[in-house]
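Nothing in this text is a laboratory measurement; each read-out follows from the coordinates by a stated rule. Quantities reported herein were computed from a predicted structural model and do not represent experimental measurements. Backbone-built Cβ (ideal geometry, glycine too); neighbour counts: all protein chains shown.
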């Protein structure tokens, strides 16, 4: 079996990516944040870039950073065992 191969009896049900943009003041204290989620990594990156390009937010805050430590991923896979047993595994 190779990476990314389809496995009979397995179905990816959901996939979620999450991230957070943190706003800090001139004293490097967190004064706010915006959490974003999407079903794809590309979509998450687009949302984060959109937040960074929002002029109203950027003019109100001194610094904005993408807090990579807050990023997350989860996937849920449904398995249909040949014996007829069905189960779901979620990985975060």
Query - Spin-label zone in segment 75-92 - amide nitrogen under 11 Å from a point set 7 Å from the Cα of residue 8 along the C-beta vector - result: 82
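Within 10 Å of each residue's Cβ, count the other Cβ atoms and sort 48, 65 from fewest upward.
On the way: 48 18, 65 13.
Lowest to highest Cβ neighbour count: 65, 48.
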